[in-house]
Amino acid sequence: KQEVTQIPAALSVPEGENLVLNCSFTDSAIYNLQWFRQDPGKGLTSLLLIQSSQREQTSGRLNASLDKSSGRSTLYIAASQPGDSATYLCAVINDYKLSFGAGTTVTVRA
Amino acid sequence: EAGVVQSPRYKIIEKKQPVAFWCNPISGHNTLYWYLQNLGQGPELLIRYENEEAVDDSQLPKDRFSAERLKGVDSTLKIQPAELGDSAVYLCASSQEGRNTDTQYFGPGTRLTVL
């Protein structure tokens, strides 16, 4: 069974600092990895999707890397803003099924 | 383009009562998913539909949970009877073809509280 772990569970940084969020997974036979954002009381918003053949994906201030062989992904958010405060979840897909981590809750202090 | 629509957004019921959740996926998306998200955890898949066929319901507790997608568009998830441990957020998602490479798009969820 695929196990996805996200460390740390929570993170608080001052505005302007770069954020580094980690995700690890136990089964490297994945098709892709997806990073989501979840605001309190809301659904999930897809941020980035990395195909298994890719090593990274970028969108604006967000950059996600994938090392499939070691079972790791990192989400970088540059120059954090208070609006980046949310819970970030990573998920991997095997056999049409998304397996999620528990998320990292980020607070960006103004 | 409208996103995934879910209703109700919130539901409070007494234990042993029935409850139903409704989901309308993004237009043209053939694959629909129901997830359960407990507090402080990531979502877990309950059931996946390809059009009107449930292709993966291995995680659905069939003694009290049921789901349907009769015309291959919108879907209903039902719990009967509800238990205290069913309090959670129920998320619906859809994707275009259900391929491993497809992005899943999520609705806002229904937050269920069982008293």
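No value in this document is a laboratory result; all are computed from the given coordinates. Keep in mind it's a predicted model, so treat the numbers as computed, not measured. Here Cβ is always computed from backbone atoms with ideal geometry, including for glycine, and neighbour counts include all displayed protein chains.
At-a-glance table
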{"quantity": "Shape of segment A:26-66, Cα gyration tensor, a/c cut at 1.5", "calculated": "oblate"}
{"quantity": "Relative contact order for chain B, counting Cα pairs under 8 Å that sit 6 or more residues apart, in percent", "calculated": "37"}
{"quantity": "Positive-pole candidate from A:31, A:87, A:73, dipole of chain A, charges at beta carbon", "calculated": "A:31"}
{"quantity": "Rg/Rh ratio calculated on Cα atoms of chain B (Kirkwood radius)", "calculated": "0.95"}
{"quantity": "Dipole in debye (nearest 20) - chain A, about Cα centre, beta carbon charges: Lys, Arg +1; Asp, Glu -1", "calculated": "100"}
{"quantity": "For chain B, size of Cβ-based charge dipole, Lys and Arg +1, Asp and Glu -1, in debye", "calculated": "440"}
{"quantity": "Dipole magnitude of the protein assembly as shown, debye to nearest 20 (Cβ charges: Lys/Arg +1, Asp/Glu -1, about Cα centre)", "calculated": "380"}
{"quantity": "Of B:38, B:51, B:100, the one that fluctuates the most in a GNM where chain B has Cα springs shorter than 10 Å", "calculated": "B:100"}
{"quantity": "Percent RCO, i.e. relative contact order, over chain A, from Cα pairs under 8 Å lying at least 6 residues apart", "calculated": "37"}
{"quantity": "Convex hull of chain A built on C-alpha atoms - directionally averaged projected area, nm²", "calculated": "6.4"}
{"quantity": "Debye equation applied to the C-alpha atoms of the protein assembly as shown, log10 I(q)/I(0) at 0.08, 0.12, 0.13, 0.17 Å⁻¹", "calculated": "-0.29, -0.65, -0.76, -1.22"}
{"quantity": "Amide H contacts of residue A:48 (H built 1.01 Å from N, under 5 Å, at least 5 apart or other chain)", "calculated": "A:35"}
